[in-house]
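All of the numbers you see were taken from the coordinates with simple rules; none came from a lab. Values in this document were obtained by computation on a predicted structure and should not be read as measured data. Backbone-built Cβ (ideal geometry, glycine too); neighbour counts: all protein chains shown.
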Amino acid sequence: MNASTETPSPNRPRRTRRALLWAALVGLLLVAQTLLVALTLSYESSRAQDEADAVAGEAAAEIKRDLLRTMQALQALMWGEPLLQHWADSATELMRGHRELMRVERRDRQLAVTEAVDTPLGQPLFKQMARSDLQVDTEVACAAALRMAAPTFSRSYFVPLTGGHGHEVVDLCVPVKNAGQDAGYLVGTFALSQLLDAAMSQRQGRQHELSFVEGDGTRLARAGLARGVGVYQAERLVDLPGVSLQLRADSIKGRPSLIPNLATALVLGLSIALFAVVLLLARDVRRRARAESALAEALAFRKAMEDSLITGLRARDLGGRITYVNPAFCAMVGFSVEEMAQEPPPYWPPEHAEFYAERQRNRLLGVGRETSEAREGFESVFVRKNGERFPVMIYEAPLVDGQGRHTGWMSAVLDVSAQHRIEEFSRQQQDRLQATARLATVGEMASLLSHELNQPLAAIASYASGSLNLLDDGDEATPEMLRQALDRIAEQADRAGRIIKSVHHFVRRREQQRETIAADLLIDAVLPLVRLQARKSGTRIEIDIASAAPRAESPPTTRVPRVVCDRTMLEQVLLNLTRNGIQAMETETPLDERVLHIRVRQSHARWVTFIVADAGPGIAPEVAAQLFTPFYTTRSEGMGLGLSLCRTVIEQHGGALDFGPGPHGRGTEFRFTLPAPKTADSGETSVSLNA
Amino acid sequence: MALDPALGIPVVYLVDDEDVVRDALAWLLRSRRLLSEGFGSAEAFEAFLAERREPWPGSPSCLLLDVRMPGTSGLVLFERLVERPWPATLPVIFLTGHGDVPTAVAAVKRGAFDFVEKPFSNNTLVDRVELALQASAEAIVRRRAAAAVGQALAELTEREREVMQLVIDGRPNKSIADVLAISVRTVEVHRARVFEKMNVKSAVELANLLRESNA
């Protein structure tokens, strides 16, 4: 219930904060991914460039080394004036070892070809075109060689072959000296493509394309398994005597593409995000599980609580249909949950159903309902399944769901029939006790009453007997005497009747009621019984009723304090106190001092004090301590209920009963207060005293 | 029952604090032709007694006494009567209320004539009163007889009184003569004079008379 009524407002900043956090996380991830991609790209390109540079450098060095080695081998061919046949074999052998060497020629001083050997590993070079047509560059090189007296390379030139193929070649012209005389030239022809193939390792060949290019970018020869894409290129000059060849290494890798890297980055980022989400989810699941177990516990707790309640619970939606009842409510009315679903509810007494429906409509729709009403609840009457009507106390509170919507009313229903029974029983007991106490008082007074009744009865009997005597034995005075006797008989019968009436009036059980009554009337009502007790011991009764708040403009005697009280009960209190006072004076007090004072004073605007004062020996401390203990008595015939009951009665009226020694330390005073009627000015409520 | 009119008019004294009861009883007694005198309290009756001259009462009387009264109660008054020389000629009948029976019974044991429980059957009460008056009358007769015997005894000489005492003791004349050291003849003379003065005819009669007068 409580959780569902929680308002959403405190959630808003938290949600915003959470969204901000998420956005920041995503932003950071994006930046990181972008940086990662950028770094990856730049790293890849620099690496490809470096690789191309390295390949170019290595290849250039290799080519140069290869050429120089071959050049030395060519020079070695001419050492010692070898025989022609021998030279040709050596040349062939040399070419077998160097694939790039396509042809070796011996020329004389006039550059005419004297001997020529073609490579055994391939087609002869000058098959398509004659050597003579393609020897301009060779001649230039040989001239340079002669001039330099060192081997010199010619410029490269293209030698076409059959089938559209051909080789870009360079010639190496080695001047041959014989005994310090120029003896001719040795010319070796190198195929550039073969040079590249020889210089290039397998690894390099897979990754790069090597080529010789001219200054304008024309490719002379190439090697490599794949073509370069022209993004990462490195060029090196291969400086040879007579000629410089430009070597280019071109990586097959193109510009690093963004997409695969981006995809990688995305996958990575998403993985991270996923991981984070999984973590969060796991945490959430754990929390959820905890919450669920707590909820289950709370539910079990609530269920146990509901089942253990003796208070009936009933929930109704806004249409008045019952949505929930607890077992206590079912037990209370005796209907099952299913039976309770019908309309109108079976626990409404049929005779009140219409009124209840109307009331329910008002209640359920009542928007301006005071919460205090729900707090204080209202009383109603339900009917059990067996038809028994019983009073209930209903407390209602609005039902609010998790979204804060008002969905109905929850009522707590208390069966107050037992309480009512107890209250009624208690009231009856109290009444009975009062009545018993009155009877007990009368019982204690029984001997007194019998004596009192005996007097008139004895007199009546005497007159009756005497009259009979006179009738038997009459004389002239008889009629006069009879008249006298009959008068007396009537008189005494009347007196006996009055006594009986006063006792009956006292004993009769009346409903408790508060009335406003003048103090003198209250005292007058018990005075016959008081005097009856007083007469035996010769006690005088003196009554002193002070005027209430006397004022100058009205004679004080017209005002008598008035009290609000239950007349019967107060009469009993007065009777008890006066009897106690009279009995206290019976033994030790001299006859002329036996005076019982009854004083009434308006002691306060709202209180009237009654004082019953005797001139007896006073109350011993050990007796005083137990004076108000029920059933404590110092008299053999007493029940001991008197004073404790008096105090109860006075306290029920809101007053107080106490006692103490009389004004001169003699006798005992019993004082009690009674509330005065509540009026604007108690002084105005005067009652004329028939003085 | 008739009383000897020679003894005087019988009087019933009523002591009760209740005027009504007193008046009613007086009226009832009057209907039986009995005179009564009422007192409202024990004190009043005691004051009345104090003024009486002995021997009192001179006529048959009885006292109807209420046990419970304010001031001096009936019982206290009765105790005082018992303590002072209480005339046997004034029998006391207690009027008791409910619950006073044991004290009344005790009073009867101490010499009260009777008690009547209230509410009483009136004529029974009057019958009791008459019995009491009868007893009172007898007491008066006895008192008068005793007074007469006393007077006769006063007239006897010393010797005659000695002789009478020995006669009452039942001694024969001879023995009396021996005791008193006089002659038998003289004893006979004294004896005859004693009989004459005491107005008796035999020694037995003389003994009864003396016993009754001393009772």
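Things worth noting here:
- Note on segment A:205-340: Rg/Rh from Cα positions, Kirkwood definition for Rh, rounded to two decimals, is 1.76.
- Helical content alone sets the calculated 222 nm signal of chain A at -16000 deg cm²/dmol, taking -39,500 (n - 2.57) per DSSP H segment of four or more residues and averaging over every residue.
- Chain A: Cys lacking any partner C-beta under 4.7 angstrom: A:Cys330, A:Cys565, A:Cys646
- Cβ crowding within 10 Å, taken as a proxy for footprinting-reagent exposure, orders B:Glu37, A:Glu476 from fewest neighbours to most as A:Glu476, B:Glu37.
- Stretch gain in nm, segment A:Lys678-A:Arg15, where the contour uses 0.36 nm per residue and the Cα spacing is subtracted: 232.3 nm
- Convex hull projection area averaged over all views, segment A:142-228, Cα basis, nm²: 7.7 nm²
- By the combined test of axial Cα extent (at least 24 Å) and Kyte-Doolittle hydropathy (mean at least -1.0), the qualifying DSSP H helices of chain B come to B:122-155.
- Tilt relative to chain A, helix A:417-444 - C-alpha long axis, 0 to 90 degrees, to 10: 20 degrees
- Three-way shape label, segment A:265-389, alpha-carbon gyration tensor, a/c 1.5: prolate
- Angle in degrees between helix A:642-652 and the longest Cα principal axis of chain A, rounded to the nearest 10: 50 degrees
- For the residue pairs A:Lys536/B:Lys109; B:Lys174/B:Lys201; A:Lys536/A:Lys678; B:Lys109/B:Lys197; A:Lys127/A:Lys253, alpha carbon separations beyond 29 Å are given by A:Lys536/A:Lys678; B:Lys109/B:Lys197; A:Lys127/A:Lys253.
- Placing unit charges on the Cβ atoms of the charged side chains and taking the dipole of chain A about its Cα centre, the candidate lying farthest along the positive direction among A:Gly242, A:Pro456, A:Ser411 is A:Gly242.
- Three principal axis extents of chain A based on alpha-carbon atoms, in descending order, are 226, 62, 52 Å.
- Test item: B:32-41 mean partner chain Cβ contacts at 10 Å: 1
- Panel order for A:Ser154, B:Ser121, by other beta carbons found within 10 Å of each beta carbon, from fewest to most: B:Ser121, A:Ser154.
- Whether segment B:7-145 is rounded, prolate or oblate, judged on the alpha carbon gyration tensor where a/c under 1.5 counts as rounded: rounded
- By the compact-protein rule of thumb, 2.2 N^0.38 Å, the alpha-carbon radius of gyration of segment A:374-517 corresponds to a ratio of 2.25.
- Value of Rg/Rh across segment A:42-182 [Cα atoms, Kirkwood radius]: 1.05
- Order of A:Ile322, A:Ile650 under a 10 Å beta carbon neighbour criterion, fewest first: A:Ile322, A:Ile650
- Between the helical axis of A:11-77 and the longest alpha-carbon principal axis of chain A there is an angle of about 10 degrees.
- Shape of segment B:156-214, Cα gyration tensor, a/c cut at 1.5: prolate
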